[in-house]
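Encoded as structure tokens, the structure appears first; notes follow it.
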Amino acid sequence: MRSILECENLSKYYGTTKALDSITLSIPQGRITGLLGPNGSGKTTLIKICNDLLTPTKGKIRIGGFEPGVETKKIVSYLPEKTYLNNWMKVSELINFFKDFYTDFNTDKAYDMLSKLKIDANTRLKTLSKGTKEKVQLILVMSREAKLYLLDEPIGGVDPAARDYILETIIKNYSENASVIISTHLISDIERVLDDVIFLKDGQVILSKTVDEVRDESGKSIDALFREVFRC
Amino acid sequence: MLAKLMKYEIKATARWFLPLYVSILFFAILNKLIFINPLMNKSAISDNDSFLLIVREIISSLSMFIYVVLLIGIFVATLIVVIQRFYKNLLGSEGYLMFTLPVKSWQHIINKLFVAMLWSIVSLLVAFCSIIILIPNKDLTKIPYALAQIMDFFGTSGIVITLLFAILTLIHGILKIYTAISLGHLFNKHKLLLSFAMYLGLDTISQFVSFLTIAIVAKAAFVPFDDILEGAVHHFKYFLTTATAITAVFSVAYFILTGFIIKRKLNLE
């Protein structure tokens, strides 16, 4: 199986703190991977490095064969945990913005999802509620036909009812052969959609398996195993 | 890609500037009308009619006051937009979107710089136009003559080097702000305050280096002239050329430093 993302001894230090400590990973094409770990385990740092928002201290990282940069940004669709929307555009203007910069952006798909979630494209971003803003961001990110989707806490800020819809949106809309990496600590909610899991602890990979392997070997759900491994 | 970035940058900033430009020109015209209105003419109102006198005074002072406030406001707004677009759109949460666009990071700096320059120049032109509007018609005819005088005095080369110097000073000023903000952003706390401190630091360094270089060049290049005026023009050109060169060197340094911080040291919150 070809891999879309590869890390080799990837490290990131902030001063003396090791946010990522020599991580070696390979994410195959066409899989949904859960990047799981408690707060401060290095999930966001790893995802930021993948998006060229941070420079690694040591080690190598390749996405689709490229180091993070313009080439990888063309094929990576990223949902940060922060709301990055400005307050002066309308939703429709933001859709044009994405279409202008990303050649893989599917406008019809975006409008389709907007109407399903009953979001008016003529609304100014400023007037949207926090939850709606997150939905708009997810719609934009999932409307790209990218090779790799990096979703940082995609369900953290929305209510449980909306979580199911969001997960459904993710599963339905990621293109074939594309990979999805979902970082979260809300495991029970997303467990059913995952193919693979990676456990991060103190900047190190302590487990990297398929969901089936975990269930067969430990006889536990991912959520139960997570609670056991990360017991305080 | 740079063209696309600029398109959105202009859109994002135009909503601040266009209303300002329209209102400043409106008040310039209003003031002009008040000046030339016969009712506003002193002789039209008898000195006994104190009520009309007061009203006239209030209207003309108020409209002049608003005009002056707008004139100052246009430059304050330009400065604020230069700072805010860099700080908020690139280094704030919007940066998550901007820096994951398939665009090189130096293009973001160039984009911000070009659009900031565009508005600075347009603001200057609008301010200039508004002043032209206010100048009494009979004095307007003197402007071409005054311009010809200046042209004559400095010569074409003098005008060219002055314009080049002005544009480079603008670039230098904007990039210095960007560098200061980027440096301030390297700290975890008090980013804006530290950005301001960085600006003062950078400003002191560049002033000192400029002064020193110009002093050295001036000493080396001094030649006595029989005609004092001719000598002044000669040395003025020499001074400007040196200053232009220093400004260019500093601008390049600031651009490289800002680019390096953004590419390698950036950590968005």
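The values are calculated or read from the model by the stated rules, or taken from the named source; none is laboratory data. What you are looking at is a predicted structure, and each value in this text was computed from that prediction instead of being measured. A quick note on method: Cβ atoms are made from the backbone with ideal geometry, for glycine too, and the neighbour counts reach across all protein chains shown. For accessibility, only protein heavy atoms count, side chains too; no ligands or nucleic acids. Shrake-Rupley method; radii C 1.70, N 1.55, O 1.52, S 1.80 Å.
Observations on the model:
- Selection from the stretch B:1-23 of residues that are open to solvent by 70 Å² or more (accessible area, probe 1.4 Å), under 13 Å from B:Phe114 (Cα atoms) and more than 9 Å from every other protein chain (Cβ to nearest Cβ): B:Ala3
- Being in a strand (DSSP E or B) and under 26 Å from A:Lys118 (Cα atoms) is a property that does not hold for A:Leu167.
- Residues in the stretch A:106-127 that are touching a residue at least 40 places away in the same chain (Cβ under 8 Å) and of a type in the set (A, V, I, L, M, F, W, C): A:Met113, A:Leu117, A:Leu125.
- Answer residue from the stretch B:148-179, given it is open to solvent by 50 Å² or more (accessible area, probe 1.4 Å) and small (Gly, Ala, Ser) and is nearest to B:Asn111 (Cα to Cα) among those: B:Ala166
- Restricting the search to strands (runs of 3 or more DSSP E) fully inside the stretch A:30-87 and requiring at least 1 residues that are of a type outside the set (Val, Ile, Thr) and more than 18 Å from A:Ile190 (Cβ to Cβ) gives A:58-63.
- Candidates are the residues of the stretch A:70-93 that are among the polar types (S, T, N, Q) and more than 8 Å from every other protein chain (Cβ to nearest Cβ); the one that is surrounded by the most Cβ atoms within 10 Å (Cβ to Cβ) is A:Ser77.
- Residues being without any contact (Cβ under 8 Å) to a residue 40 or more places away in the chain and either of a type outside the set (D, E, K, R) or within 12 Å of B:Glu94 (Cα to Cα) (or both) - total across the stretch A:73-101: 9
- Filter result (away from every other protein chain (no Cβ under 14 Å), outside any helix (DSSP H, G or I) and open to solvent by 70 Å² or more (accessible area, probe 1.4 Å)) within the stretch A:110-131: A:Lys118, A:Asp120, A:Asn122
- The single condition from (1) within 19 Å of the chain's Cα centre (by Cα); (2) surrounded by fewer than 21 Cβ atoms within 10 Å (Cβ to Cβ) that A:Ile198 fails is (2).
- Among the conditions (1) over 30 Å from B:Phe255 (Cα atoms); (2) touching a residue at least 60 places away in the same chain (Cβ under 8 Å); (3) not polar (S, T, N, Q), the only one that B:Lys138 does not satisfy is (2).
- Residue within the stretch A:102-109 that is within 11 Å of chain B (Cβ to nearest Cβ), modelled with pLDDT of 95 or more and open to solvent by less than 20 Å² (accessible area, probe 1.4 Å) present: yes
- Count of residues meeting criterion [open to solvent by 60 Å² or more (accessible area, probe 1.4 Å), within 13 Å of chain A (Cβ to nearest Cβ) and assigned to a helix (DSSP H, G or I)] in the stretch B:244-269: 4
- Exactly one residue out of B:Phe187, B:Phe128 is without any contact (Cβ under 8 Å) to a residue 12 or more places away in the chain and assigned by TED's automatic domain parsing to the domain that holds B:Gly95, and it is B:Phe128.
- Residue count for the stretch A:190-222, restricted to those that are touching a residue at least 12 places away in the same chain (Cβ under 8 Å) and more than 25 Å from A:Leu5 (Cα to Cα): 1.
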